[in-house]
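Structure record follows, encoded as structure tokens.
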Amino acid sequence: MELNSKIPAGPVETKWTKYKSSVKLVNPANKRNLDIIIVGTGLAGASAAASLGELGYKVKAFCFQDSPRRAHSIAAQGGINAAKNYQNDGDSTYRLFYDTIKGGDYRAREANVYRLAEVSSNIIDQCVAQGVPFAREYGGLLSNRSFGGTQVQRTFYAAGQTGQQLLLGAYSALERQVALGNVEMHTRHEMLDVVVIDGKTRGIIARNLITGEIERHAGHAVLLCTGGYGNVFYLSTNAMGSNVTAAWKAHKKGAFFANPCFTQIHPTCIPVSGDHQSKLTLMSESLRNDGRIWVPKKQNDDRKPIDIPEEERDYYLERRYPAFGNLVPRDVASRAAKERCDAGYGVGTSKMAVYLDYAAAIERYGKIEVGKKGLSNISKEEIIALGKDVVKEKYGNLFDMYAKITGENPYETPMRIYPAVHYTMGGLWVDYELKTTVDGLYALGEANFSDHGANRLGASALMQGLADGYFVIPYTIGNYLADEIRTGHISTDHPAFLQAENEVKETLNKFVNCKGNKSVDYFHKALGKIMWNDCGMARNKEGLEKAIKEIKALRTEFWNNVMVPGTVDEFNVELEKAGRVADFIELGELMCKDALDRNESCGGHFREESQTEEGEAERNDEIYSYVAAWKYINAGESELNKEPLIYENIKIAARSYK
Amino acid sequence: MEHTGLNLTLKVWKQKNAATKGAFESYDVKNISTDMSFLEMFDVLNEQLISTGKEPIAFDHDCREGICGMCSMVINGRPHGPWNGTTTCQLHMRAFKNGDTITVEPWRAGSFPVVRDLVVDRSAFDRIIQAGGYVSINTGNPVDANALPIDKKLADKAFAAAACIGCGACVAACKNSSAMLFVSAKVSQLALLPQGQPERSSRVLSMVDQMDKEGFGNCTNTGACEAECPKEISLENIARLNREYMSAALASEE
């Protein structure tokens, strides 16, 4: 199939403006008769639901949590990028565009990324107008900080709770539309299939998680804003409920899945402490602004970190990447940590950790305070105490979280960190209008693949989620719905709805009737191990081929031996999990296939066969400068389609942060 | 860190659904690492139950990093358990001793009916937000963000109030099941900021009205909510809510 990304003609700077002024519109009277279904209420879903409700469409929104405010966007810590150039440090739309393309290792689509950079400023304006309490300077203006992969300060933040504040802004806008009757909110509902009639998306099948009832919902368009699939690894920084089910069901109904193997492993997470571990906790990238990352210069050094003198420490990021130092992009920082640990320099009981040290920052801030306050004859202890206060104000909540989880005091001893699965750049293939390969079916935010290439820069996920929901979909959906005004009411009595509902029920019954002897978590953990070992931070042909075999076997065992207690018509958490894990198993296989196909290293995808002598990732633009868009054939069988990536504005180069 | 294995007895509230009566059931768990989170201990218990053919205990949880507000257990009589300023998911087992008996209940409040076991229905909070917990601005072209400088002190105060995660521990902690801390946090955030001024009066009246309709009790200033709040939302916000309500009510009677 020919993939048409529908990128508007003309120079990149004018594509979006021209598109907006020439796209089809739907008049207000017709909007009232058009139903839009939105699945997921994170930043992308909540902002889309609010904005489309404001425009007058009839919106139905769904989330599996008990309130839309709980979507996992809420956990984003560090910030949101915008090309405001408030710091006068040389930022611009072009710079943000360039940094994002380069950060993504030249595997993202230029036109989409340029639009993202272009609307980034509007997002900040919109959020401030909603009352989002961003951090401010004493003069009352907004504050910015640095993030990885950039040399300007363009990150807006609200302490370590930026995602929370942005989501609550979008959530309140959404609830306002609920109150106005424009949005109908369905909480504790999970989408279990999309209904496609004559090639057009006409609705969804959802399960009421409290009663177990299977419901049919019709719409003229369906928006999947269902986040990423990092939980395929079992252990990740995602919420426990984050899953791929909605996207995977769409994939099975014809939506292509793009670049599934592009996974972001975040360098600064709290290391695994034992087999009981259920999730991993991120320590914001903003900590790399001030913290220094190091390991001992001696292998298997068992001394306490404070007993290791300065000259016996290896600040390996500063050594390897002097230009960006501790602020190299996430993929680079993660691989460098793995390299040191694999070579025997890791720390902590597991030896799979590196230090993130604040001692120097505390002293530096202490001295600044001494200067500000004009103090003299100050002891080192007093300087440290002043510095700790400053660090506490900047990162207090993160330090507290670390202390609670590990039982150690990060103000006194360096934190131990290790990379963990965090974000998935891959997702449903979408065109410039965010439409998947199925008519009327859209994917927004992390659920789509479009903007981050092979590696996402920090503070860009929030930007993309809100860009898609507030500023892109309200325009692009009209172009489709303008032709739907004559469709009229869609009946859920159509045989396609009945068929989809029956299939959903059949699958649910299969789970509870299987009565095997292994829990859903057993299978999820087994899948996670395969994925982490062979499709994690480093991948090779042999390992991927082995993983594919193992996953196929695991899939068979799952369907024959899973134990799901309870019934289908009640609140049944194990049943919910079973459905999600079944989809993760199929996705895992596709990820390995995609990783196997891409015999180059780019961004978060590191093929051991493709590296330089110094161990840096080696891209192969001649062969792999494409988006891999997979078409579902059968469970375990997919067809590869390629969308060539064409760079007209940015010269492709080796990505260097040295 | 030391990994000590704890043997514990759990007394957990079991309730099939809102229509049936619930009761405590006892469970033993063995060799629990002190590095586990409280919810990971529940994962272990549930795996144990499933492997012996029993139904696992239903409980709400999602992010497991203390920010989504979904987890909600009353542990030994305290919402979110013994650690101050901590959600259930961030509570770790080093808070307990070998041989302890731990009682675990759902949020108890008429406005939060039990869905199953430890899961309750908190949709009343969403309806309170629908009553006015927002700034009425559509997506569009607002003015440049820096065109509106805001005193850092006010912005910081607004942020402290906005840190509320909507978990409902304040209601569970209150002998009157009052939702005043939750409502006051949102009212304060928006009353402190210039963006919230145009709807300042209508917002507070409408949100308080909805809170009453949902059946939440009155505030008698005992401060249990502040003590149990995992985000340490201050009682000052309730004082502000009262002032806001008084002046709005007086003005509307003119």
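The values are calculated or read from the model by the stated rules, or taken from the named source; none is laboratory data. Fair warning: this is a prediction, and the values are worked out from it, not measured in the lab. Methodologically, a virtual Cβ is constructed for each residue, glycine included, from the backbone with ideal geometry; neighbour enumeration extends over all protein chains shown. Quick note on the areas: whole protein, heavy atoms, side chains included, nothing else; ligands and nucleic acids left out. Shrake-Rupley method; radii C 1.70, N 1.55, O 1.52, S 1.80 Å.
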Quiz prompt | Residues of the stretch A:43-55 satisfying the condition of being within 11 Å of chain B (Cβ to nearest Cβ), of a type outside the set (D, E) and either under 18 Å from the mean Cα position of the chain (by Cα) or open to solvent by 10 Å² or more (accessible area, probe 1.4 Å) (or both) | solution = A:S47, A:A48, A:L55
Quiz item: Quick one: is A:V59 over 30 Å from A:D400 (Cα atoms), touching a strand residue (DSSP E or B) at 6+ places or on another chain (Cβ under 7 Å), at pLDDT 95 or above and of a type in the set (A, V, I, L, M, F, W, C)?
Solution: yes
Quiz item: Can you tell me how many residues in the stretch A:301-344 are touching a Gly at 6+ places or on another chain (Cβ under 7 Å) and either acidic (D, E) or exposed (fewer than 13 other Cβ atoms within 10 Å of the Cβ) (or both)?
Solution: 3
Quiz prompt | Tally of residues being closer than 18 Å to B:Q189 by Cβ and either outside the structural domain of B:A163 (by TED's automatic domain parsing) or not acidic (D, E) (or both) across the stretch B:206-254 | solution = 22
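Let's see how each residue does on (1) farther than 25 Å from A:L55 by Cβ; (2) of a type in the set (G, A, S); (3) part of a helix (DSSP H, G or I):
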| residue | (1), (2), (3) |
| --- | --- |
| B:I129 | no, no, yes |
| B:G133 | no, yes, no |
| B:I150 | yes, no, no |
| B:K153 | yes, no, yes |
| B:A158 | yes, yes, yes |
| B:A161 | yes, yes, yes |
| B:G166 | yes, yes, no |
Quiz item: Is there a residue in the stretch B:120-137 that is out of contact with any helix residue (DSSP H, G or I) (no Cβ under 9 Å at 6 or more places or on another chain) and more than 9 Å from chain A (Cβ to nearest Cβ)?
Solution: no
Exercise. Scan (1) in contact (Cβ under 8 Å) with a residue 60 or more places away in the chain; (2) over 25 Å from the mean Cα position of the chain (by Cα); (3) open to solvent by less than 10 Å² (accessible area, probe 1.4 Å) for the single condition A:I214 breaks and write down its number.
Key: (3)
Quiz prompt | All helices (runs of 4 or more DSSP H) inside the stretch A:457-555 with 1 or more residues being of a type in the set (F, W, Y) and open to solvent by 10 Å² or more (accessible area, probe 1.4 Å) | solution = A:473-481, A:520-534
Quiz item: Of the residues A:E614, A:E608, A:E570, which is open to solvent by 10 Å² or more (accessible area, probe 1.4 Å), farther than 17 Å from A:I551 by Cβ and without any contact (Cβ under 8 Å) to a residue 24 or more places away in the chain?
Solution: A:E614
Exercise. Collect the residues in the stretch B:179-221 that are within 21 Å of B:R108 (Cα to Cα), touching a Lys or Arg at 6+ places or on another chain (Cβ under 7 Å) and polar (S, T, N, Q), keeping them in residue-number order.
Key: B:S184, B:Q210
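Restricting attention to the stretch A:592-605, which residues are among the acidic types (D, E) and open to solvent by 10 Å² or more (accessible area, probe 1.4 Å)? Show your work before the answer.
Taking the stretch A:592-605 as the starting set, the residues that turn out to be among the acidic types (D, E) are A:594, A:597, A:600.
A:D597, the sole residue that qualifies.
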Practice problem: Kindly list the number of the only condition in (1) more than 19 Å from the chain's Cα centre (by Cα); (2) within 11 Å of another protein chain (Cβ to nearest Cβ); (3) part of a strand (DSSP E or B) that fails for B:I102. | Solution: (2)
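Out of A:K200, A:K279, A:K298, report the one residue that is free of Cβ contacts under 8 Å to residues at least 60 places away in the same chain and either surrounded by 22 or more Cβ atoms within 10 Å (Cβ to Cβ) or under 24 Å from A:G469 (Cα atoms) (or both). It would help to see each step written out before you state the result.
Numbers: A:K200 fails: free of Cβ contacts under 8 Å to residues at least 60 places away in the same chain; A:K298 fails: either surrounded by 22 or more Cβ atoms within 10 Å (Cβ to Cβ) or under 24 Å from A:G469 (Cα atoms) (or both).
Sole residue among the options that is free of Cβ contacts under 8 Å to residues at least 60 places away in the same chain and either surrounded by 22 or more Cβ atoms within 10 Å (Cβ to Cβ) or under 24 Å from A:G469 (Cα atoms) (or both): A:K279.
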Quiz prompt | Candidates A:R107, A:R154, filtered to the one that is in contact with a Lys or Arg (Cβ under 9 Å, 6 or more places away or on another chain), open to solvent by less than 10 Å² (accessible area, probe 1.4 Å) and away from chain B (no Cβ under 14 Å) | solution = A:R107
Quiz item: Scanning for something without any contact (Cβ under 8 Å) to a residue 12 or more places away in the chain, at positive phi and open to solvent by 50 Å² or more (accessible area, probe 1.4 Å), does the stretch B:47-55 turn up at least one residue?
Solution: yes
Quiz item: What single numbered condition from (1) among the aliphatic types (A, V, I, L, M); (2) surrounded by fewer than 19 Cβ atoms within 10 Å (Cβ to Cβ); (3) under 25 Å from A:A159 (Cα atoms) fails to hold for A:V272?
Solution: (3)
Exercise. Just give me the residues in the stretch A:79-98 being within 13 Å of chain B (Cβ to nearest Cβ) and either touching a Lys or Arg at 6+ places or on another chain (Cβ under 6 Å) or in contact (Cβ under 8 Å) with a residue 24 or more places away in the chain (or both), in sequence order.
Key: A:I80, A:A82, A:A83, A:K84, A:N85, A:Y86, A:Q87
Exercise. Would you mind stating whether A:A61 is open to solvent by less than 10 Å² (accessible area, probe 1.4 Å) and assigned to a helix (DSSP H, G or I)?
Key: no
Self-check item: Of all residues making up the stretch B:168-193, the number that are part of a loop (DSSP other than H, G, I, E, B), farther than 28 Å from A:A135 by Cβ and open to solvent by less than 10 Å² (accessible area, probe 1.4 Å)
Solution: 1
Quiz item: Taking A:G149, is it in the same structural domain as A:H189 (by TED's automatic domain parsing), of a type in the set (G, A, S) and touching a residue at least 40 places away in the same chain (Cβ under 8 Å)?
Solution: yes
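Could you go through the stretch B:20-30 and let me know if any residue there is open to solvent by 10 Å² or more (accessible area, probe 1.4 Å) and either within 11 Å of chain A (Cβ to nearest Cβ) or in contact with an Asp or Glu (Cβ under 6 Å, 6 or more places away or on another chain) (or both). Working first, answer last.
Restricting attention to the stretch B:20-30, the residues satisfying the condition of being open to solvent by 10 Å² or more (accessible area, probe 1.4 Å) are B:20-28, B:30.
Imposing the further condition that a residue be either within 11 Å of chain A (Cβ to nearest Cβ) or in contact with an Asp or Glu (Cβ under 6 Å, 6 or more places away or on another chain) (or both) reduces the set to none.
The answer is no; no qualifying residue exists.
Tally time: how many residues in the stretch A:113-151 are outside any loop (DSSP other than H, G, I, E, B) and either open to solvent by less than 10 Å² (accessible area, probe 1.4 Å) or over 20 Å from B:A158 (Cα atoms) (or both)?
Filtering the stretch A:113-151 down to residues outside any loop (DSSP other than H, G, I, E, B) leaves A:113-130, A:136, A:142, A:144-145.
Retained after the next criterion (residues that are either open to solvent by less than 10 Å² (accessible area, probe 1.4 Å) or over 20 Å from B:A158 (Cα atoms) (or both)): A:113-124, A:126-128, A:142, A:145.
Summing the residues that are outside any loop (DSSP other than H, G, I, E, B) and either open to solvent by less than 10 Å² (accessible area, probe 1.4 Å) or over 20 Å from B:A158 (Cα atoms) (or both) in the stretch A:113-151 gives 17.
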Quiz prompt | Any hit, the stretch B:106-113, residues being within 13 Å of chain A (Cβ to nearest Cβ), more than 18 Å from A:P68 (Cβ to Cβ) and hydroxyl-bearing (S, T, Y) | solution = no
Practice problem: Name the single residue, out of those in the stretch A:565-590 being closer than 18 Å to A:S519 by Cβ and of a type in the set (A, V, I, L, M), that is nearest to the other protein chains (Cβ to nearest Cβ). | Solution: A:V573
Exercise. Would you point out which residue out of A:L462, A:L434 is under 28 Å from A:V272 (Cβ atoms), in the same structural domain as A:Y157 (by TED's automatic domain parsing) and in contact (Cβ under 8 Å) with a residue 40 or more places away in the chain?
Key: A:L462
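Mind listing just one residue for me: the one in the stretch A:619-637 that is touching a residue at least 12 places away in the same chain (Cβ under 8 Å) and over 24 Å from the mean Cα position of the chain (by Cα) and, of those, surrounded by the fewest Cβ atoms within 10 Å (Cβ to Cβ)? I'd like the intermediate steps shown before the answer.
Applying the first criterion (touching a residue at least 12 places away in the same chain (Cβ under 8 Å)) to the stretch A:619-637 yields A:619-621, A:623-632, A:635-636.
Those still in the list that are over 24 Å from the mean Cα position of the chain (by Cα) too: A:620-621, A:623, A:635-636.
Values: A:N620: 14, A:D621: 16, A:I623: 10, A:A635: 14, A:G636: 14.
Looking at the filtered set, the residue picked out is A:I623.
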